[in-house]
Structure formats: C-alpha cells, structure tokens
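Nothing in this text is a laboratory measurement; each read-out follows from the coordinates by a stated rule. Note that the structure is predicted; figures quoted are calculated from it, not measured. Cβ sites come from the backbone with ideal geometry, for glycine too, and all protein chains shown count toward neighbours.
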Amino acid sequence: MRNTVVTMQQQKNSLNKITMLTAYDYSTARLMDESGIEAILVGDSLGMVMLGYPDTLSVTMEDMIHHSKAVARGVQRAMIITDLPFMSYQVSVQEALSNAGHLIKEGRAHAVKLEGGEEVCAQIKAITQAAIPVMGHLGLTPQSVNAFGGFKVQGRDEAAARKIIQSALAVEKAGAFAVVLECVPATLASLISQLLVIPTIGIGAGAGCDGQVLVYQDMLGMYDGVAPKFAKQFVNIGERMKGGFQQYIQETKEQAFPAIEHTFHIDDAVIEKLQR
Ligand code: KIV
Ligand code: NA
C-alpha cells in the first residue's frame, strides 16, 4: 500500500515517527523503498550533493523534473515529495502553481515542497486548491542562504523563535500537509510539533518532531562538504566505495582482473584460422 498524506497524518496521530530520506536517482530510491522508507524527498540539495554546486540556488525546474522522474521509477510504496527550486514559486502564485503542476505531471511526484512562511502562503493555498499536496519548510531554508549570511541555526532568540512559530501556524492554515523544520533548537521544534495538527519533519531539529529527514549522502558518508552537526553518519559508504575503486585499479594493473570467469570464449580452432 502506498504511503500518502493521509497515512502521514495517521502516523503523527498514532505517534509513529515518519521516516524520510532524500533520493535523486532510480537505483538509490529503489533500495530505500525496499528498505521500508515511508517518504522520499527529491530535494533541491541535489544541486550540492549530485551536481557539485556550493548551494541550492542554481537548481532548475529541468533538474528537479529529471531527478524526480528517475526516483519515481524506482519506488512502489514511498510517498515522493519534490522540491520547487529557487525562483520557481517566489515570483507569482501563477508560476508557482504551474511549476508545481510540472513536478507532478512530468516529475511523477505525489507532493511538492517549498520554503518560507507568510510570504508563500498564497502559493501554498493555490497549489493545495489544485489538489497538489504541499509540504512547507521553515527554519534554515537553504534558498535564503544569502539573506541569512550562511547556513546557520535559526530561531535562537525570542523574536526569531516567535516568527518561526507564527510561520508554522500560517503554513498549516494555508493548507500544507506537513512542514520540515531545519536547524532549529530542539525544544522550539517540540513546541511547534505540539502546536500544529499537521506533522513536522525535523532535520537538525531534535527528537520531538513527528518525523525525521536526512540527505542520504550525509548519512552514508558520501559527501565531502563540511558535514553539519545533525548529520549522523550511519554507515561510511564513501570509504567502502573508495575501497572498491582502489581494488579495481590494483587488480587491473596486476592483471588479476578480468579473470577467466569474467571472460567470453570461442573455440581455439577459430582463432587459429584467423591467424593464418
Ligand atoms: O533539499 C533537501 O534535501 C531538503 C531537506 C534538507 C529537507 O530540503
Ligand atoms: Na530543499
């Protein structure tokens, strides 16, 4: 059975933590789906971890659609949420609605995510009214990196904390089905999770959220950028990959690879005829 906005809300109501990871391609998404992950985020973090940019600002609608479709082909049970990239929803409600539509129609996502509070509520409302579920994103919203002056924890003083609470309530009222809280103090995220009816999905926001999300390259040790404090490395796949690559190089140089069992055969008689 497919996970949906309905099952996600039921998970919050029954205190069953929601598990979400990012994915950007068919093979990884399939492995996650088979592992039982409940939601997959095709995040615009793909600009950093897949494309090598220093931030998410250069990511295009074409990039998002390209990766979203690949993920969709690998997934049977997880709900797929795809990010609206920078400047695909800020300019106008019409553009936001049209771009959300592209992520659903071409990208085969089940929902879209966008960053911001009151300033994007008109967009959330319009997209939701078109029967496209919207996930909000508050706290450290990476598309605002230049306005924030870097990737920093948000909501640490009373005014900033109050602003995030108000934004969360506004986003819920506008129709969002869930909201990501990124890099906010744990006790503030817990408070917001209690105040909201809809689920909160935390990243660097403590255990009081209704679910968690991580960028998979962070949790598998595959990204060489500065790992944020919240990014627990569950397995060091990066080191295992390097080990595999190094072994391939060594065996090829030593002519231990390819061996007979990796090789195709024809009769020696045929080769003898060819040599004459
Ligand atoms: O793009 C992304 O990966 C995200 C998560 C960090 C929530 O938005
Ligand atoms: Na994102």
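Largest GNM mean-square fluctuation across GLY202, GLY211, GLY52, computed for the chain with C-alpha springs under 10 Å, falls on GLY52.
Working note: Cα atoms of region 1-160, range along each principal axis, descending, whole Å: 42, 36, 30. The rule of thumb for compact globular proteins, 2.2 N^0.38 Å, goes into the C-alpha radius of gyration of region 87-222 1.03 times. For region 160-256, which chymotrypsin sites (Phe, Trp or Tyr not before Pro) pass both filters: DSSP loop (anything but H, G, I, E, B) and at most 14 other C-beta atoms within 10 Å? Of the chymotrypsin sites (Phe, Trp or Tyr not before Pro), the ones in loops of region 160-256 whose Cβ has at most 14 other Cβ atoms within 10 Å are PHE234. Considered as an equivalent ellipsoid built on the Cα gyration tensor, region 161-276 has semi-axes of 57, 17, 10 Å, the largest given first.
Hey, fewest Cβ within 10 Å first, where do LYS163, LYS232, LYS12 land in order?
With the fewest neighbours first, LYS163, LYS232, LYS12 line up as LYS232, LYS163, LYS12.
Other residues lying with their Cβ under 15 Å from the Cβ of PRO54 contribute a combined charge of -3, Lys and Arg counting +1, Asp and Glu -1. Counting other Cβ atoms within 10 Å as a rough exposure proxy, the listed residues THR56, THR22, THR252 run THR252, THR56, THR22 from fewest neighbours to most. Charging the Cβ of each Asp and Glu at -1 and of each Lys and Arg at +1, and nothing else, the dipole of the chain about its Cα centre rounds to 640 debye. Length gain on complete extension for the stretch GLU254 to ASP157, per 0.36 nm per residue less the alpha carbon to alpha carbon distance? Contour length minus Cα-Cα distance gives 28.8 nm. Each 5 Å bin from zero up to the one holding the largest Cα-Cα distance in region 25-64 carries the following percent of pairs: 6, 22, 25, 19, 16, 10, 1.
Here r is the Cβ-Cβ distance between ASN236 and HIS262 and R0 is 25 Å; the resulting FRET efficiency, rounded to 0.05, is 0.35. Mean separation of Cα pairs under 8 Å and 6+ residues apart, divided by the residue count of the chain: what relative contact order is that in percent? Relative contact order of the chain: 15 percent. Taking the longest Cα principal axis of the chain as reference, the axis of helix 61-74 is set at about 70 degrees. Beyond 28 Å, what percent of the Cα pairs of the chain remain? It works out to 39 percent of all Cα pairs.
Over all other residues within a Cβ to Cβ distance under 9 Å of PRO142, the charged ones net out to -4, with Lys and Arg as +1 and Asp and Glu as -1. Summary of the geometry: region 1-30 and region 180-220, compared by the centres of their Cα atoms, lie 14 Å apart. Using only Cα atoms, tell me the angle between helix 237-253 and the longest principal axis of the chain; keep it within 0 to 90° and round to the nearest 10. The two axes meet at around 20 degrees. Compactness ratio for region 1-50: Cα radius of gyration over 2.2 N^0.38 Å (N = residue count) comes to 1.26. Less than 5 angstrom separates the built amide H of LYS113 from those of THR82, ASP83, LEU84, MET135, all sequence-distant by 5 or more or on a different chain.
Per-residue ellipticity at 222 nm computed for the chain from its helices equals -12500 deg cm²/dmol, with DSSP H segments shorter than 4 residues left out and the rest contributing -39,500 (n - 2.57).
Here VAL6, VAL120, VAL49 are placed in order of increasing Cβ neighbour count within 10 Å, fewest first, which gives VAL6, VAL49, VAL120.
Under 15 Å from the Cβ of ALA178, count the other residues' Cβ atoms, weight Lys and Arg +1, Asp and Glu -1, and hand me the total.
The answer is -2.
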